[in-house]
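The values are calculated or read from the model by the stated rules, or taken from the named source; none is laboratory data. All figures in this text were calculated on a predicted structure; none of them were measured in a lab. For neighbour counting, all protein chains shown are included, and Cβ atoms are generated from backbone atoms with ideal geometry for every residue, glycine included.
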Amino acid sequence: MSGQESELQRCFARVGAEHGFTDVNANWERFKEFKATWKRCSTSAELHITDYMKDSGEDLITDLARGIFGRMGRGGVKEIYSEKLKQHFLSPEFILRNQPLYLRRSRNLAYAQQGRVHDLRTLEQDLHDLGLVKRVPHAYISWTKGDNRQRVGYCSVIMRVVAISRVLDRKEIPSFVPSYVLYHELIHLENGLRFGSYHDREFRERERIHPHHEEAERWLRRIVADPQFR
Ligand SMILES: [Zn+2]
């Protein structure tokens, strides 16, 4: 067992014991997304913890264990991250260590802002110039490799990665369509980690500020329905 594994095991066993678990088994897992999974059976628990938390130190791993065991319990606490953990996610160390790893694990990224037709850098710049979004440090934006029509935009808030589906990178699609989808994802980035609804009323109101909101929505409905975009 490596030093890091025993640190993880130690933290989770200790916190688990506070919650009545006598047999705790915690392992690092190379999940693409930042997540943890667990199985419990009476007083034993088996946990798989994202390895993006490796090297973050005993205090933060203990905080994460408290959050997870808190959620596992009855009437589970919803909030899984302590203030200290949230600060950690916002730190340059966290993003500089983990974003490259996340990008390597993302199989569907083109790793390019310049598409065949539309340039995401230009679209992003225009959104800034219009005062619609603020800059988020270390944000990484890319087209996807595949033409996904159902999910035209994707955002990992914690890894600060935004992906826009290549299906929108076509000459017959006006640039305000990818601009609108990019805008939607950049609002998520700006809002940061949240608990509860990501698309709350405030979000929807902000979305409508985009100058082509309605036209873009119409286009997106068409792209989902129209076989030519398959
Ligand atoms: Zn969204």
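Per-structure values
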quantity	calculated
Residues of the range 71-111 that turn out to be part of a helix (DSSP H, G or I) and surrounded by fewer than 16 Cβ atoms within 10 Å (Cβ to Cβ), as a count	15
Test set (1) within 14 Å of residue 152 (Cβ to Cβ); (2) without any contact (Cβ under 8 Å) to a residue 40 or more places away in the chain; (3) more than 15 Å from the ligand (Cβ to nearest atom) - residue 224 fails condition number	(2)
Subset of the range 189-203 that is at pLDDT 90 or above and of a type in the set (A, V, I, L, M, F, W, C) - its residue that is farthest from residue 124 (Cα to Cα)	203
Residue match in the range 84-97 (condition: closer than 13 Å to residue 140 by Cα and not acidic (Asp, Glu))	yes
Residue check for residue 205: closer than 20 Å to residue 160 by Cβ, assigned by TED's automatic domain parsing to the domain that holds residue 130 and not basic (Lys, Arg)	no
Residue in the range 186-200 that is of a type in the set (Lys, Arg) and more than 12 Å from the ligand (Cβ to nearest atom) present	no
